[in-house]
Each structure stands twice: as structure tokens, then as C-alpha cells.
1. If you check every pair at least six apart or on different chains, which have Cβ atoms under 8 Å apart with a residue in segment 232-258 that is surrounded by 14 or more Cβ atoms within 10 Å (Cβ to Cβ) first and a residue that is aliphatic (A, V, I, L, M) and modelled with pLDDT under 70 second?
2. Do you know which residues across segment 280-314 are among the acidic types (Asp, Glu) and part of a loop (DSSP other than H, G, I, E, B)?
3. Taking Tyr22, is it closer than 19 Å to Asn281 by Cβ and among the hydroxyl-bearing types (Ser, Thr, Tyr)?
4. Are any residues in segment 66-79 under 21 Å from the mean Cα position of the chain (by Cα) and in contact (Cβ under 8 Å) with a residue 60 or more places away in the chain, and if so, which ones?
5. Can you go through Met196, Met258 and tell me which one is over 26 Å from Phe39 (Cα atoms), in contact with a Gly (Cβ under 7 Å, 6 or more places away or on another chain) and modelled with pLDDT under 85?
6. State which residue is nearest to Leu323 (Cα to Cα) when the search covers only segment 276-302 and only residues that are more than 22 Å from the chain's Cα centre (by Cα), of a type in the set (D, E, K, R) and open to solvent by 20 Å² or more (accessible area, probe 1.4 Å).
7. Can you tell me which residues in segment 22-46 are in a helix (DSSP H, G or I) and among the aliphatic types (A, V, I, L, M)?
8. Quick one: which helices (runs of 4 or more DSSP H) sit completely within segment 72-180 and have at least 1 residues that are at pLDDT below 80 and among the basic types (Lys, Arg)?
Amino acid sequence: MLFLLLLLLLVNLIIAYKRFRYIISPPILMGSGMLLASFVSMLYYEEWEMYELLPETVFVIGGGTLFFTLTCSVLLKGELENKKSNVDSTQFDKTKILLFLYALILLDLIVCALKIQSYHEFFSGGLGISSLIQSAREDFQSGSEKFAFPYYIKFLSNSLNLCSNITMWILCFQLFGNNKSKRLISLCIIQLLLTMLDGLINGAKGGVYDTIARFSVIYIVFMYAVQGSYKLSSKFKKRSIIAFFILIVSFQGLNLLMGRDVEEFKPTDLLAAYCGAEIKNFDIYMHGQDGNDPNEFWGESTFATYYKSKYPQKMKGDNYRFLHVNNYFLGNVYTQFYSYHKDFGYEGVFVILTIIAITSMFMYNRAISSIEDPLRSNCWLLIYSMTAFHLLMSFFSARYTIGLFHFGFLRNVIFVIIANYFFMKLIKIENYEETKNT
């Protein structure tokens, strides 16, 4: 059954690439993530007893992913014109961009310092950063959640994280533009590293990977625009492979930095638990052996963030069980299909996938237009970059519906639209076209 699932997902990815061509499209992101997880689970075929995979599991994962691709294909707008774009960054005021970046960096440093200070004040001044982060994670997972950052710190941290989308756009037009500035590039990199540090202080690796994913989407759009083709260059492929291996090598180190007890696991087993065990966990659920409690609310797993904000006292911590098989650690994530099937059954899986296809393609169709003019103010490119990682991580959990279907995401979208508008007004040189032509 596992080999049938791999075949289905491989065919799905081929169809997605033939239809969409751009590797940042929703079907390619979701399909590649599912295929990767299934391939990793194949490497542990005997250890995880993958030969017990149910036909129902194959139907939901393989059939659901293919259904998503076909639905997105119907929603895809017309072809983009393949022509090289000139990234003329001289139309922007470099001094104002520098001031913007300096302000972000200063505020990032302040936020990181305030968060560490909050940890010290609540837990213990004698603990190291890793121990403090671990204490905060244990507090959250216990369900009591006695510790919380003050509202103003959380608001400022989230605002800076959203502003980092603009930093990524600046960095890309510097890398691909005709008026490069080493100082601007350096400041952009510093601000993005501080954004990652802020995420790590929160106790989650997602802050690092999310930042990388958002930048990758914007970078790839600029790359497509400059080369005037959807084909991936050999240089990009080589850099992607190097970056992938760096992430793999740093994976266990990030866990240790955040105080997680992972030294007892082999690095390969730990990586497999994060990038493949979800398939096995979902199959265990389909066997009815996951041991998780039934939901208390309608759509509780699918729209977890919404319910956590509405019923904070009842929705604390992570309620999913950690699973093991043959003494192998499998973690406690079950793919996105666990939430959709548990909440709504077989029919509901395809209804939710249709909703995801409609919303993601709405953003994608508008974001991808930046390929024709990457320097045009396009807030949808920034917004789509915020959701792309959720699509890629569909093999992990229901991150898309959890991350988007709540009022907080709507506030973030409004913030990005307003911030992007005023930023472009700030840096655009008035009468640039007239000055250029004289």
C-alpha cells in the first residue's frame, strides 16, 4: 500500500508541475511535502511497520492530494507572459530604506531583550537561555500556561515579523537589481536573522523555517522575473541542495538550543520523526489506535487557533498523544488529514481541501503577477509568502486552516496591506520617470 501511495503522489506532482510550472504554486508545495514524508516513511518500512498501511489511508492522503491539485488547476488564471524584467532599484530612495532597516533592527534587539528579561523574571534568573525556553514550553504544554509575554511585547514582535516581509522584498531587489548596495544587503540579512532569533526565543523552530520559506517565495518570484522563464537554473538547484543539507545538519542543533531533550535520539531517526512519521501516525489513527480524546467542539482540530482564542481556558496546550512503534519515536503530528477526517469525515476532507484550494489560489493568482513586474507594489506577494509554508507543511499538520482561519490572520493581512502601502509611498522617488527621461 505504501508503494501505491508513493506512486499516486509522484503522479500528482508530475501533473502539478506540468500544469503550474512554478514551484511555489499551491499544488506543488502541498504535493512535494506529502511525497517527501511518504518517501521518508518508506526508508523506515520495517522499523515503523509501514506494511500495515490501510487502503483508507492511501485513499485519503493520495486521493486528497490529487483532488487538491485538480481543483487548483480549474482555478488557475491564464498564462503569464514570459519576458525578462528589468529590476531598476534606482527609483527608490536608498536613504529612507536604510532608516527603515535601522529602525527594524533596533526594535528587534529591544524585543529579544525584553523577552529574555520576561523569562528571567518569571522563571529564574539563574537559568540559561535554553533552559528558560524549555521552561516556557513545558508551561505551555502542561495546559496551565501561567507564563505569557506582556501584550505590548507580543504585538511589537508580531508587527516586526510582518515587516520582515518588506525586508525580504528589499533584499531580493538588491540581489537581482542593477544598483546593489552591500550595506542594504547586510542590514536586510541582519534583520532577518533577528527575526529568526525572535522565533527561537518563542521556543519553536517554525520561526526559523517560516522566515526561510517566506524569503524563498519572494526570491523565486524575482528569479523567474529576471530570467524570463519558469525553468530552474543549475545555479539555483545547486544552492537549494546546499541550503537543504545545511538545514538538515542544523536540525538537531536547533532542538538542543531550545532546550529540547533530543540527545537520546539518532539524528536520522529524529529527522525522520519530523519529516515522515506523520504518515504512520495518520495510519495509526485510521486503525483507531491513536488514543486521542474525541473533540469537544465542531471543527476543533481544523480551526484550533480560532477555538483557542474563543475558549482559552478549555483549549490549552497540545492534546495529541506522542506515539511510538518498536521503540521508535514518532512524535505527535498526524498530517493535515488527521484534523480534517477527525472533524468532518471522508466527505469533509474534500470539502476542506476545496476551501483551501479556493483561498490559496485566490492569493497565488494575484501574487504570481509580480513575475511580470517584481518592483510593482504587490501586497499579495507578501501575503502569499506568509501562507506558502503552511501548504508545504501539510504533511505535518493542518497548519493552513489553523494558521489562516482566525481573526488574527485577518489582522495580519490588513497590517501588511497598510504597511506595504505606506512603505512604497515613503521610498518611491517622486517624478522619477520624468527625471529619468530628461
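The values are calculated or read from the model by the stated rules, or taken from the named source; none is laboratory data. If you're wondering where the values come from, they're calculated on a predicted model, not measured in any experiment. When we count neighbours, we look across all protein chains shown, and the Cβ atoms used for this are built from the backbone with ideal geometry, even at glycine. Accessible surface is based on the protein model in full, side chains and every heavy atom, while ligands, DNA and RNA are left aside. Shrake-Rupley method; radii C 1.70, N 1.55, O 1.52, S 1.80 Å.
1. Gln252/Val262; Asn255/Val262
2. Of everything in segment 280-314, those that are among the acidic types (Asp, Glu) and part of a loop (DSSP other than H, G, I, E, B) turn out to be Asp290, Asp293, Glu296, Glu300.
3. On the way: closer than 19 Å to Asn281 by Cβ: no; among the hydroxyl-bearing types (Ser, Thr, Tyr): yes.
For Tyr22, the condition - closer than 19 Å to Asn281 by Cβ and among the hydroxyl-bearing types (Ser, Thr, Tyr) - is not met.
4. Phe68, Cys72
5. Values: Met196 fails: modelled with pLDDT under 85.
Just a single option satisfies the conditions, and that option is Met258.
6. Going through the qualifying residues, I end up with Asp293.
7. Taking segment 22-46 as the starting set, the residues that turn out to be in a helix (DSSP H, G or I) are 26-43.
Residues satisfying the conditions are Ile28, Leu29, Met30, Met34, Leu35, Leu36, Ala37, Val40, Met42, Leu43.
8. Details: elements: 94-122, 129-141, 151-176.
The qualifying helices (runs of 4 or more DSSP H) are 129-141.
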